[in-house]
Each structure stands twice: as structure tokens, then as C-alpha cells.
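Right, one structure below, let's go through it.
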Amino acid sequence: MPGLLQTEAHARALYDMRRPWLSVEQIDQWVAARLARQEILSKWPLPLMSWVLDESVLRRPLGGWDVHKEQLRHLLKVGEIRGLELQVMPLDRTENAGMGGPFTLLTPPGRPQIAYVEVQHVNRLITDSSEVRNMAARNGTLRAQALNMRESLALIEMILGER
């Protein structure tokens, strides 16, 4: 679940299950920082943002069902924000351009597009234009393979109704 889309309880649950253990103070600081970054979703004009979430993320109740239910409801609210696009890659897709792992594409105003990847505790900013171009192409393929926004929100509602 991308940090910009996480509820406080979901973020706290993720940090709480980290190994080695984090101190309560560290968790509080990191959760506060994550929530502060989410302010970008309420400022106008909104930046253009889109996410493709794997369905497995929507089905894994990290933090317990109550935390997960709140997270799914939050995603439905995000889906109502004009200018934000949320798509789901269903589990039954036989092709998925995202199998190499998550990545973020950023296009700063007046500057070339860049990419960012993070896995475990390692992160990397990618500025090489050919590498970024390949990731942008992969992003286009991902979005084409995923459910559209209306179908994605309907799937989230269906998962909520299963419990």
C-alpha cells in the first residue's frame, strides 16, 4: 500500500511489525511524517497522481480486520477525489508488468521525469533517461492491464462486503 494512501492505523501496523523492532518513539515519528506527506492530497491544485494496486494488497488484512476495513474504506474515499486515479491489478491477470516490484514515477514541473524505487531498507532515485523511459512504458502497460477506476472501486467494495 503506497504511503500516500495509508491510514494512520495501517501505517502504524506496518511499522509495528518491522524487524528489528522500532521504538514507540520512532514509530510515532515515522507515522507522523507519513501522514504529513498526505497533505498533498488535499491541496489545490492537486498534482496528477495515479496508483495501480495489486489485489493481494487489498486482501491481506495487515493490522487485523478492523484496521484493514478502515484502510479499504479510505481507498474508496480517495477514489472520489477528482484528479486522483486508483486502479487494481486483479489476481487473475495472466500478464502483469508490475512483477518486478513497485516503483514511483515523478515529473517535477519543468524538469525531466525521474523514477524512485524502494525495497526493504534500500531506495534508489533513477535519473537515467533510458531507464526512466522504460519504467514509464511499464507503467503504461500496467495501467492498461489493470481494472479501470470504476471496476477497481467496485472490487474494493466487494472485498469489504466479504467480511
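The values are calculated or read from the model by the stated rules, or taken from the named source; none is laboratory data. As the structure is a prediction and not an experimental result, all values here were calculated from the model. Because the Cβ atoms are built from the backbone with ideal geometry, glycine has one as well, and the counts that use them run over all protein chains shown. Protein only, heavy atoms only, side chains kept; ligands, DNA and RNA dropped before computing areas. Shrake-Rupley method; radii C 1.70, N 1.55, O 1.52, S 1.80 Å.
Things worth noting here:
- Projecting the Cα positions of A144, V117, S130 onto the charge dipole of segment 84-149 (unit charges on Cβ atoms of Lys, Arg, Asp and Glu, taken about the Cα centre) puts S130 furthest along the positive direction.
- Sequence-ordered 3J(HN,Hα) estimates for segment 23-35 from the Karplus curve with 6.51, -1.76 and 1.60 and θ = phi - 60° stand at 6, 4, 5, 5, 4, 4, 5, 5, 5, 4, 5, 5, 5 Hz, glycine and proline given as x.
- Debye, to nearest 20: dipole size of segment 88-148, +1 on Lys, Arg Cβ, -1 on Asp, Glu Cβ: 160
- Whole-percent carbon and sulfur share, accessible surface of the chain, 1.4 Å: 53
- Dipole size of the chain about its Cα centre, with +1 on Lys/Arg Cβ and -1 on Asp/Glu Cβ: approximately 220 debye, rounded to the nearest 20.
- Å² of accessible area per residue within segment 16-130, as computed with a 1.4 Å probe and no ligands counted: 69
- Under 5 Å from the amide H of W51 lie the amide H atoms of E85, L86, Q87, each residue being 5 or more positions distant or on a separate chain, with H modelled from the backbone and absent for Pro and chain starts.
- With N the number of residues in segment 28-163, Rg(Cα) / (2.2 N^0.38 Å) evaluates to 1.11.
- Whole-Å distance, taken between Cα centres, linking segment 38-86 and segment 97-157: 16
- Contact order normalised by residue count of segment 18-163, Cα under 8 Å, 6+ apart, percent: 24
- Measuring nothing but how far apart in sequence close Cα pairs (under 8 Å, 6+ apart) lie, relative to its length, segment 86-163 scores a relative contact order of 38 percent.
- Working from label points 7 Å from Cα in the Cα-to-Cβ sense, the S130 to E118 distance is 2.9 nm.
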